[in-house]
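The values are calculated or read from the model by the stated rules, or taken from the named source; none is laboratory data. The shown structure was predicted, so the numbers you read here are calculated from the model rather than taken from an experiment. Using ideal geometry, Cβ is built from the backbone for each residue, glycine included, and neighbour counts are taken over all protein chains shown. Remember, those area values only see protein heavy atoms, side chains included, never the ligands or the DNA or RNA. Shrake-Rupley method; radii C 1.70, N 1.55, O 1.52, S 1.80 Å.
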Protein chains: 2
Amino acid sequence: MFISAEGLLEHWQGHRRLTRRVIEAFPDDQLFTFSIGGMRTFGELASELLAMAAPMTQGLATGDWEAYAADAVDSKGELLRLWDESTAEIDEFWARIPGERFQETVTSFGQYTGPAHWQVLYVVDNEIHHRGQGYVYLRALGVEPPLFYERD
Amino acid sequence: MFISAEGLLEHWQGHRRLTRRVIEAFPDDQLFTFSIGGMRTFGELASELLAMAAPMTQGLATGDWEAYAADAVDSKGELLRLWDESTAEIDEFWARIPGERFQETVTSFGQYTGPAHWQVLYVVDNEIHHRGQGYVYLRALGVEPPLFYERD
């Protein structure tokens with residue numbers, strides 16, 4: 001065993017606490033407007049993360065897969081509110097995922113097939129990936145990003 | 001169990017194949033010169049990744065921790081050569097890490113203390129984080145980055 005299901009949840013929620021701080025660090029007027037090289041704004045990227053995270057745990061726990069759809073969010077306050085709501089949902093659904101599920105092959109959102117651990121890591125890795133992009137946006141805006149290694 | 005040690009190695013090497021493609025995607029004359037917001041170049045970031053990856057697996061396998069030090073690399077060819085060398089070293093050292101080690105508390109590089117799985121995930125996550133920043137650099141340079149989900 002590399003890591004337990006409980007350990008991975010704690011690891012992921014640590015990442016999500018850091019991503020929440022990155023959302024908070026954005027100037028309100030730049031979160032949904034600033035971008036580089038034609039990319040999406042960090043507000044749009046964070047909305048994508050929300051559309052994957054809790055729905056993934058719901059699907060793995062219950063077999064019910066919502067259609068993948070990002071909410072149309074346009075303010076920092078609303079994004080943070082949805083973020084916190086997701087945090088609780090992830091904890092609740094995770095506790096209901098049967099231990100053996102993580103080694104089973106699952107089709108998520110009606111289209112992505114692979115082991116459940118691969119599904120979860122995709123969501124976590126995608127968050128780290130886009131948050132790293134948020135760090136560049138913050139630096140370009142002259143804002144010091146939160147420390148990468150602080151996850152409390 | 002969320003994921004096995006073997007599964008995590010395969011996952012990580014998949015990420016490393018993608019990062020290698022990001023290095024390759026950079027125009028030769030921008031890899032060690034282009035940056036945004038006062039950040040390091042992608043060549044410097046990739047050199048940091050090299051300084052952490054194989055040395056981490058060496059430490060976990062043998063208990064010998066090299067002093068953390070990034071090589072002074074200044075060409076794409078040399079970076080890719082070191083990248084491939086690391087790929088083989090990681091596979092070799094990983095095979096020698098005792099299975100129970102991943103749940104043990106370890107001090108890496110003489111200074112970072114935590115479970116071995118946490119140590120490895122830090123290295124993997126740091127790679128995803130910096131590679132995401134490389135994607136922004138590529139977009140800013142007008143270069144289409146490799147697909148995030150292709151890990152072959």
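On the basis of being closer than 22 Å to residue B:11 by Cβ, within 14 Å of chain B (Cβ to nearest Cβ) and open to solvent by 50 Å² or more (accessible area, probe 1.4 Å), does residue A:13 make the cut? Judged against the criteria, residue A:13 is not a match. Looking only at residues of segment B:93-123 that are farther than 17 Å from residue B:55 by Cα and among the charged types (D, E, K, R), we find that the one that is surrounded by the most Cβ atoms within 10 Å (Cβ to Cβ) is B:104.
Kindly provide the set of residues from segment B:124-150 that are open to solvent by less than 30 Å² (accessible area, probe 1.4 Å), touching a residue at least 60 places away in the same chain (Cβ under 8 Å) and under 17 Å from residue B:40 (Cβ atoms), ordered by number. Full working, then the answer.
If we filter segment B:124-150 for residues that are open to solvent by less than 30 Å² (accessible area, probe 1.4 Å), which is where we start, we get B:124-138, B:145-146, B:148.
With touching a residue at least 60 places away in the same chain (Cβ under 8 Å) added as a condition, the list becomes B:124, B:126-128, B:130-131, B:133-138, B:145-146, B:148.
Passing the criteria: B:126, B:127, B:128, B:130, B:131, B:133, B:134, B:135, B:136, B:137, B:138.
Scanning segment B:132-152 for residues that are more than 7 Å from every other protein chain (Cβ to nearest Cβ), more than 19 Å from residue B:4 (Cβ to Cβ) and of a type in the set (D, E, K, R) yields B:144, B:150, B:152.
Scanning segment B:112-125 for residues that are in a helix (DSSP H, G or I) and more than 7 Å from chain A (Cβ to nearest Cβ) returns B:116, B:118, B:119, B:120, B:122, B:123, B:124. Here B:59, B:38 are screened, and the one residue that is free of Cβ contacts under 8 Å to residues at least 24 places away in the same chain and either within 14 Å of chain A (Cβ to nearest Cβ) or open to solvent by less than 30 Å² (accessible area, probe 1.4 Å) (or both) is B:38.
Residue B:90 falls short on exactly one of the conditions (1) open to solvent by 10 Å² or more (accessible area, probe 1.4 Å); (2) within 18 Å of residue B:16 (Cα to Cα); (3) away from chain A (no Cβ under 12 Å), and that condition is (1). Of all residues in segment A:62-86, exactly one satisfies the criterion of being among the polar types (S, T, N, Q), open to solvent by 40 Å² or more (accessible area, probe 1.4 Å) and within 27 Å of residue A:34 (Cα to Cα), namely A:75. For segment A:41-56, the set of residues classified as closer than 28 Å to residue A:118 by Cβ and within 13 Å of chain B (Cβ to nearest Cβ) consists of A:42, A:45, A:48, A:49, A:52, listed by residue number. Considering only segment B:99-108, I want to know if a residue exists there that is under 19 Å from the mean Cα position of the chain (by Cα) and within 19 Å of residue B:44 (Cβ to Cβ). No - not one qualifying residue is present in segment B:99-108.
The single residue among A:128, A:97 that is within 12 Å of chain B (Cβ to nearest Cβ), outside any helix (DSSP H, G or I), within 27 Å of residue B:10 (Cα to Cα) and aliphatic (A, V, I, L, M) turns out to be A:97.
Quick grid of which residues meet (1) under 14 Å from residue A:127 (Cα atoms); (2) assigned to a helix (DSSP H, G or I); (3) modelled with pLDDT of 95 or more:
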| position | (1), (2), (3) |
| --- | --- |
| A:47 | yes, yes, yes |
| A:54 | yes, yes, yes |
| A:57 | no, yes, yes |
| A:61 | no, yes, yes |
| A:67 | no, no, no |
| A:70 | no, no, no |
| A:78 | no, yes, yes |
| A:83 | yes, yes, yes |
| A:88 | no, yes, yes |
